[in-house]
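Report on one structure; see the data block that follows.
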Amino acid sequence: MEKTHSHQEARRLNMAYYFVNKHPQTNGDHEVHLTSCLYLPSEQNRLSLGDHLTCQSAVRKAKETYPKADGCKYCSPACHTS
């Protein structure tokens with residue numbers, strides 16, 4: 001089981017909070033966004049992924065629910081593949 005961190009501890013570890021869009025893009029991808037992203041979906045259209053050290057970790061978590069998940073090209077470009 002993955003260890004969970006308190007919000008304060010997560011900030012100390014330089015973790016960032018991520019969400020995944022519940023609605024797919026036209027290509028079928030469910031995009032993963034940072035909390036600070038300009039393209040963050042509205043509350044009713046996003047699923048919390050929690051704190052992660054990297055976008056790769058957040059995308060892996062998103063793929064547990066949406067197998068076709070991908071990073072946002074604006075806030076998580078290292079994880080944007082399509």
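Throughout, read-outs are computed from the coordinates displayed, never taken from laboratory work. A quick note: this is a predicted structure, and the numbers were derived from the prediction, not measured.
Key figures
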{"read-out": "Karplus (6.51, -1.76, 1.60) ³J(HN,Hα), θ = phi - 60°, over region 34-49, in Hz, Gly and Pro reported as x", "value": "6, 4, 7, 5, 5, 9, 4, x, 4, 3, 6, 10, 9, 10, 5, 10"}
{"read-out": "Rg in Å to one decimal, and Dmax rounded to a whole Å, for region 7-79 via C-alpha atoms", "value": "11.3, 37"}
